[in-house]
Amino acid sequence: MKAAVYYENGPPEVLKYEDVPDPQCHPKGILIKVEAISIEGGDTLNRFRGPLMTTPHVVGYQAAGTVVEVGAEVTSFRVGQRVATTGGWGSHAELRAVAAKTAWPIPDNLDARHAAVIPVTFGTADDCLFEFGRMKKGEVVLVQAGASGVGVAAIQLAARAGASMVLATASSDERLEKLKAYGLTHGINYKTHDVVQEVMRLTDKKGCDVIVDSVGGPTLQSSILSLAYRGRVSMVGQAGREPMTVDVGSMMGGNRSLSGVFLGAEIATDRVQQNIQRLIDDVARGDLKVVIDREFPLAEAAAAHRYIESRQAVGRVLLIP
Ligand SMILES: NC(=O)c1ccc[n+]([C@@H]2O[C@H](COP(=O)([O-])OP(=O)(O)OC[C@H]3O[C@@H](n4cnc5c(N)ncnc54)[C@H](OP(=O)(O)O)[C@@H]3O)[C@@H](O)[C@H]2O)c1
């Protein structure tokens, strides 16, 4: 099969388009013919500095397509069925082998391109807000990196759950403006404004009840300082690629909390399995929207990664084999 592979970590240019052996279907897994690949923030980060599990390495968490082989022990899927999948690596390819536990059927009315985005992107945003952020109706939510894949999902989910205000940060006014269509109340351009000062101004000095932070480093410090009394930060990523050294001195006084969130540690649980299927059904019904910024052929994976790192995208960038 053809795949986008790399032999060493580095910038987008390390990605090559090559022939590699087909992946093997595990007895507890399925093999799919990939129709759409959602490039996750974890994929660009892994390409930059993550472990190479195979050589050459096929990076990537998320892809959707059609089942072409079913493992001997799998009874929940059949050949020809359309599925959205996630896995530790291997999405940037024409064929993809995953555990049956990390695949979800796609409803007939849902495009594989949209389905490819849902499991990790929406599943993570949902866990950050509700399972670990314990968000309730009427609360103020801040989404750091609001234009990111996880960010756009979190904005929609917070607005749908009745947040009194949904704030988000981004590096440009243009991208913040586009987020208003998905439930953003106020955008904060962190290049031109101090995030903590803006949060305090917009919330009458109360701060935010729930904060989704997928950037880390100095951004995480601004999240901690933006918390309301009893506010909660869900720390879910390190997109900023900077050291995670923060001062938590302000947290005790206001009974504030910081939770690390990793969907991968929960993905095999019945709770998350069902939650992801519910989110797929919500998108299929039109209750939530998958936002796709741009699509590239799989052969142009390097250009797609470069485009994401140019910080122009709102939502997801896809690869199409
Ligand atoms: N723990 C989990 O279970 C889990 C699940 C999903 C994702 N994640 C992590 O969450 C993070 C975001 O994922 P995503 O899929 O939402 O990412 P994404 O769609 O690629 O967006 C990343 C965003 O981060 C911001 N950013 C800040 N500093 C950056 C830098 N130095 N380089 C690139 N972008 C930078 C950019 O927004 P601005 O330009 O507006 O700053 C960009 O929109 C990643 O670190 C990913 O690994 C973790």
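Here is how the numbers come out for the structure above:
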item	result
Candidate aspartates and glutamates for bridging to K206, where Cα separation is under 14 Å - those fewer than 8 sequence places away on the same chain excluded	E139, E198
Sparsely packed chymotrypsin sites (Phe, Trp or Tyr not before Pro) within the range 9-80, loop by DSSP, other Cβ within 10 Å at most 13	none
R0 of 25 Å, Cβ-Cβ distance E174-R241: FRET efficiency to nearest 0.05	0.60
Within the range 31-73, backbone nitrogen closer than 17 Å to the virtual label 7 Å beyond the Cα of D19 toward Cβ	56
Trypsin sites (Lys or Arg not before Pro) within the range 34-85: DSSP coil, no more than 12 neighbouring Cβ in 10 Å	R78
Whole-Hz couplings from phi, Karplus 6.51/-1.76/1.60, listed for the range 233-242; x for Gly and Pro	9, 9, 8, 10, x, 9, 4, x, 6, 10
Residues K206 and T55, FRET efficiency given R0 of 45 Å [Cβ-Cβ distance, rounded to 0.05]	0.30
Set of lysines near K289 by C-alpha distance (under 29 Å), chain-local residues within fewer than 8 positions excluded	K33, K101, K136, K137, K178, K180, K191
Value at 222 nm in deg cm²/dmol, rounded to 500, when DSSP H runs of n ≥ 4 in the chain each add -39,500 (n - 2.57)	-7000 deg cm²/dmol
Amide H partners (placed H, <5 Å) of L227, local residues excluded	C208
K101 paired with S257, simple spin-label distance in nm, labels 7 Å along Cα-to-beta-carbon	2.6 nm
Pair E8, D281: separation of 7 Å Cα→Cβ label points (nm)	5.0 nm
Radius ratio Rg over Rh of the range 121-264, counting only Cα atoms, Kirkwood formula for Rh	0.92
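Any read-out appearing in this document is the output of simple, stated calculations on the displayed coordinates, not a laboratory observation. These figures come from a predicted structure and were not determined experimentally. In this analysis, Cβ positions are derived from the backbone assuming ideal geometry, glycine residues included, and neighbour counts consider all displayed protein chains.
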